[in-house]
Amino acid sequence: MNYHLMVDDKFINGFIHDAEKVAPGKNVYIIDNWKNKAKFVKSDLVTFAPFYTPAFTAILKKVTDKDKVFVHWASDLAVNAVLSLPPNVTTGMFFWGGDVVEIPAFRFKKTIYGPLSLAYFEKNEERPQLKFNPMRPKRVLTSFAQRFFNYRGPEREVARTRDLFFKRLNLFLHWSHIDYEWVLNHYTTPAEHKYFYYDVGQKPDAAEHAFMNAPKDNSVTTILLGNSDTITNNHLEALQALSAYRDMPIKLVIPLNYGNDKYGDLVESEAIRIFGADKVMALRSFLQRDDYYKLLAQVDVAVMFHYRSQAAGNVLALLYRGKKIFIHSNSTLYQLLKTNDVAVFDSKEISETDFKQFIAPLDQHTIDENIAIVDRLFNEKEKLEALKSILN
């Protein structure tokens, strides 16, 4: 049996569909959440059992060396669950990104954040917040000590358990061999790379083609910035680079509806300070898939300033829609696409790029070539064949 340790996320429904297609009845899907709190996963095949509960522990006790256990999002609870398994159980990780390259922060923060974003992270998110309660003076002192003296203590334990986790990992499932090489450069692991990608519906369907080619206001260049209100977007660095175009006829669309609201407030206010409120459209509430893709149809240029692999779903959706995309060259996603001759551009060079050159659209031949290459990189038949061999 295949045991899947999962989180409630939009990717999971598609995975369950694929897994049952290639290995029906051979999978146990466990979501780290209560059923009444789940927002995305609706499958009747799922067991909702938070990973800290006795119900989850009871499921783990059923696992034998004839089974396989797969982690979908390497949370601390999932990592510790894997380490509690009998030593001969085959284990695998479906790589997402942030669950590995951001944790522990002290190891990787200087490689995933730009200088401005790093300063914000260290001041606002790296250390535990102070808790003031005059009725509980000991807790105040403990909180002070945790923030200023021992904030790395828990992270050192996380680092130790992650080292152990990768040493016993057998399979690394992901679409990019470059990310696999990143893991090999940072951890000692026997894990074998296997091809897989989550399907989040990046290709435009028949209904969307109707509004993809709808008329748009060509007097204004619409720029999509980032994919979420998370610091790894390096919004502050991106806004600084784009400020060279503050006097040009542009409109910034900034998705800030997934992540940290406080950080989103900062990004929105900084964008308005630089460009003016009339040039900034901050997305602060959830958009339905069709509404979001209608918005993408109006985008002329997309800017992703992530230093790590992130926003792959958005990038692929934009490529399938013929958009011009700037991705930071530090990103392994940029490196994968450039290695395979996809026409994407380096965000690091925006501040030195003439505005006419920045907004110049891709020609149809380049668009078609991009789509053909992405189709080869994300091949459904190959994915299902690989998944079948892994789960059977």
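The values are calculated or read from the model by the stated rules, or taken from the named source; none is laboratory data. Bear in mind the structure is a predicted one, so any value in this text is a computation, not a measurement. Reconstructed Cβ throughout: ideal geometry from the backbone, glycine too, with neighbour counts over all protein chains shown. For accessibility, only protein heavy atoms count, side chains too; no ligands or nucleic acids. Shrake-Rupley method; radii C 1.70, N 1.55, O 1.52, S 1.80 Å.
The table below gives the values:
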item	result
Given (1) surrounded by 17 or more Cβ atoms within 10 Å (Cβ to Cβ); (2) in a loop (DSSP other than H, G, I, E, B); (3) not hydroxyl-bearing (S, T, Y), index of the condition D341 fails	(1)
Members of region 320-331 that are open to solvent by less than 10 Å² (accessible area, probe 1.4 Å) and among the small types (G, A, S)	S331
Among the residues listed as N227, N260, the single one being touching a strand residue (DSSP E or B) at 6+ places or on another chain (Cβ under 6 Å), more than 24 Å from E352 (Cα to Cα) and in contact (Cβ under 8 Å) with a residue 40 or more places away in the chain	N260
Any hit, region 146-153, residues being at pLDDT 90 or above and more than 19 Å from the chain's Cα centre (by Cα)	no
Some residue of region 318-328 being among the aromatic types (F, W, Y) and more than 20 Å from T222 (Cα to Cα)	no
Any pair with Cβ under 6 angstrom, 6 or more apart, that starts in region 1-22 at a residue that is modelled with pLDDT of 95 or more and ends at one that is surrounded by fewer than 20 Cβ atoms within 10 Å (Cβ to Cβ) and in a helix (DSSP H, G or I)	V22/L384; V22/K388
Any hit, region 361-375, residues being in a loop (DSSP other than H, G, I, E, B) and over 30 Å from Q240 (Cα atoms)	no
Exclusive hit being assigned to a helix (DSSP H, G or I), buried (at least 16 other Cβ atoms within 10 Å of the Cβ), in contact with a helix residue (DSSP H, G or I) (Cβ under 6 Å, 6 or more places away or on another chain) and not acidic (D, E), set V100, V79, V41	V79
Candidates H174, H193, filtered to the one that is under 24 Å from the mean Cα position of the chain (by Cα), open to solvent by less than 10 Å² (accessible area, probe 1.4 Å) and either at pLDDT 95 or above or of a type outside the set (D, E) (or both)	H174
Residues that are touching a Lys or Arg at 6+ places or on another chain (Cβ under 9 Å) and of a type in the set (S, T, Y), drawn from region 220-267	T221, T222, T232
Test: residue in region 347-366 that is in contact with a Leu (Cβ under 6 Å, 6 or more places away or on another chain), at pLDDT 95 or above, open to solvent by less than 20 Å² (accessible area, probe 1.4 Å) and closer than 27 Å to H174 by Cβ	no
Qualifying residues in region 196-217 (those that are open to solvent by 70 Å² or more (accessible area, probe 1.4 Å) and under 25 Å from L256 (Cα atoms)) - the one modelled with the lowest pLDDT	D217
The listed residue being in contact with a helix residue (DSSP H, G or I) (Cβ under 7 Å, 6 or more places away or on another chain), open to solvent by less than 20 Å² (accessible area, probe 1.4 Å) and not in a helix (DSSP H, G or I), out of A302, A317	A302
Conditions (1) surrounded by 13 or more Cβ atoms within 10 Å (Cβ to Cβ); (2) at positive phi: number failed by M6	(2)
Pairs, first open to solvent by 50 Å² or more (accessible area, probe 1.4 Å) in region 108-128, second in a loop (DSSP other than H, G, I, E, B), C-beta under 7 Å, six or more apart	T111/Y307; R127/Y151; P128/Y151
Subset tally (residues that are of a type in the set (K, R) and open to solvent by less than 50 Å² (accessible area, probe 1.4 Å)) for region 263-299	1
Residues within region 274-299 that are modelled with pLDDT of 95 or more, of a type in the set (G, A, S) and assigned to a helix (DSSP H, G or I), tallied	1
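To keep it simple, each residue is scored yes or no on (1) more than 21 Å from the chain's Cα centre (by Cα); (2) part of a loop (DSSP other than H, G, I, E, B).
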{"residue": "L85", "(1), (2)": "yes, yes"}
{"residue": "N88", "(1), (2)": "yes, yes"}
{"residue": "T91", "(1), (2)": "yes, no"}
{"residue": "R107", "(1), (2)": "no, no"}
{"residue": "K110", "(1), (2)": "no, no"}
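Results for (1) in contact (Cβ under 8 Å) with a residue 12 or more places away in the chain; (2) farther than 16 Å from L169 by Cα; (3) open to solvent by 20 Å² or more (accessible area, probe 1.4 Å); (4) part of a helix (DSSP H, G or I), shown as yes or no for each residue.
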{"site": "P50", "(1), (2), (3), (4)": "yes, yes, no, no"}
{"site": "I59", "(1), (2), (3), (4)": "yes, yes, yes, yes"}
{"site": "F70", "(1), (2), (3), (4)": "yes, no, no, no"}
{"site": "A74", "(1), (2), (3), (4)": "yes, no, no, no"}
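For (1) in a loop (DSSP other than H, G, I, E, B); (2) in contact (Cβ under 8 Å) with a residue 60 or more places away in the chain, each residue gets a yes or a no:
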| residue | (1), (2) |
| --- | --- |
| F172 | no, yes |
| V183 | no, yes |
| Y197 | yes, yes |
| T222 | no, yes |
| A244 | no, yes |
| K251 | no, no |
| G264 | no, no |
| E270 | no, no |
